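K.L.:
The structure that follows is given in the form of structure tokens.
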Amino acid sequence: MYFFFSPASDLRATTAVDWRLSRIGTVGVSEGSSNTLWNRLRQHRGNVQGKYAGGGNHRGSIFRLHVGRALIEKHGWHDECPHWGEQNPDAETTAVREQEHELEQRVSEYIRDLPLLWVDVPGKPGPECDRAVIEANAIAMVSRDRRSAGPSDLDWLGYHSPQSEVYQSGLWNVRHVSDSFDPSVVDELSAYIPSTEALDHQSRI
């Protein structure tokens, strides 16, 4: 599982407990899935090399899709990227990809600056695995708290999103934001987080 946080002007001046959670995700929640955490993170990060270096493909990353939509709304770039988010063969042409490349680059720049934490939650892929259960409950729990408390960071890009689920939950998530949740998700996730002593031992090894 992975957890992205809002950008901070100086991460050295803050501790992790001060970071603001902004995206919860995982992989391997479909039967037979062979995707890995690092492949998924590369899809979110975008391309380092190749024809579209510095950009990416938001049609392969819902995270990139949401960030791009918020940037379009914030800066009024509707005419520059009229096909953003469209899922059809016409939207996958070279001409469209080239037209969207500058925005894809801006999405990559935004995501690459976000602090990231990940937790190893092993298990056979499937909708009932611990990763899927923890992800759904964690998203719903954070969303419920955010919606009741109201905006806490008015500079957050997500408040420009046209998706009500994003700006109301304060997360770059849409699925599960309005679900009910089991508070025991905190204990379930904590069980997979190594203790400080275990991390110290691993670092010595």
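The values are calculated or read from the model by the stated rules, or taken from the named source; none is laboratory data. Only a predicted model underlies this, so the values are computations on that prediction, with no experimental measurement involved. Reconstructed Cβ throughout: ideal geometry from the backbone, glycine too, with neighbour counts over all protein chains shown. Heavy atoms of the whole protein, side chains included, go into the accessibility calculation; ligands, DNA and RNA do not. Shrake-Rupley method; radii C 1.70, N 1.55, O 1.52, S 1.80 Å.
K.L.:
Out of Asp90, Asp120, Asp79, which single residue is assigned to a loop (DSSP other than H, G, I, E, B), over 13 Å from the mean Cα position of the chain (by Cα) and without any contact (Cβ under 8 Å) to a residue 12 or more places away in the chain?
P.N.:
None of the other options fit; the residue is Asp79.
K.L.:
Now for a different question. Spot the failing condition for Thr94; the list is (1) open to solvent by 60 Å² or more (accessible area, probe 1.4 Å); (2) closer than 21 Å to Ser164 by Cβ, and only one is missed.
P.N.:
Every listed condition holds for Thr94 apart from (2).
K.L.:
Moving on to the next point. If you go through segment 123-167, how many residues are part of a loop (DSSP other than H, G, I, E, B) and either over 23 Å from Gly32 (Cβ atoms) or at pLDDT 95 or above (or both)?
P.N.:
Just the residues of segment 123-167 that are part of a loop (DSSP other than H, G, I, E, B), to begin with: 123-129, 150-156, 161-163.
Now restrict to residues that are either over 23 Å from Gly32 (Cβ atoms) or at pLDDT 95 or above (or both): 150-156, 161-163.
Total satisfying the criteria: 10.
K.L.:
Within the set of pairs 6+ apart or on separate chains, which have a first residue in segment 42-68 that is open to solvent by 50 Å² or more (accessible area, probe 1.4 Å), a second that is part of a loop (DSSP other than H, G, I, E, B), and C-beta atoms under 6 Å apart?
P.N.:
What qualifies is Gln43/Ser61; Asn47/Ala53; Asn47/Gly55; Asn47/Gly56.
K.L.:
When residues of segment 98-125 are filtered for being surrounded by 15 or more Cβ atoms within 10 Å (Cβ to Cβ) and in contact with an Asp or Glu (Cβ under 8 Å, 6 or more places away or on another chain), how many remain?
P.N.:
The number of residues fulfilling the criteria is 4.
K.L.:
Looking only at residues in segment 93-113 that are of a type in the set (Val, Ile, Thr) and over 26 Å from Arg23 (Cα atoms), which one is nearest to the chain's Cα centre (by Cα)? Before you say what the answer is, go through the steps one by one.
P.N.:
Keep residues of segment 93-113 that are of a type in the set (Val, Ile, Thr), which gives 93-94, 96, 107, 111.
This time we only want the ones that are over 26 Å from Arg23 (Cα atoms), so: 93-94, 96.
Details: Thr93: 26, Thr94: 26, Val96: 24 Å.
Applying the filter and picking the extreme gives Val96.
K.L.:
Which one of the conditions (1) more than 23 Å from Ser6 (Cβ to Cβ); (2) hydrophobic (A, V, I, L, M, F, W, C); (3) crowded, with 22+ Cβ neighbours inside 10 Å does Cys81 fail to meet, given that it meets all the rest?
P.N.:
Among (1) more than 23 Å from Ser6 (Cβ to Cβ); (2) hydrophobic (A, V, I, L, M, F, W, C); (3) crowded, with 22+ Cβ neighbours inside 10 Å, the lone unmet condition for Cys81 is (3).
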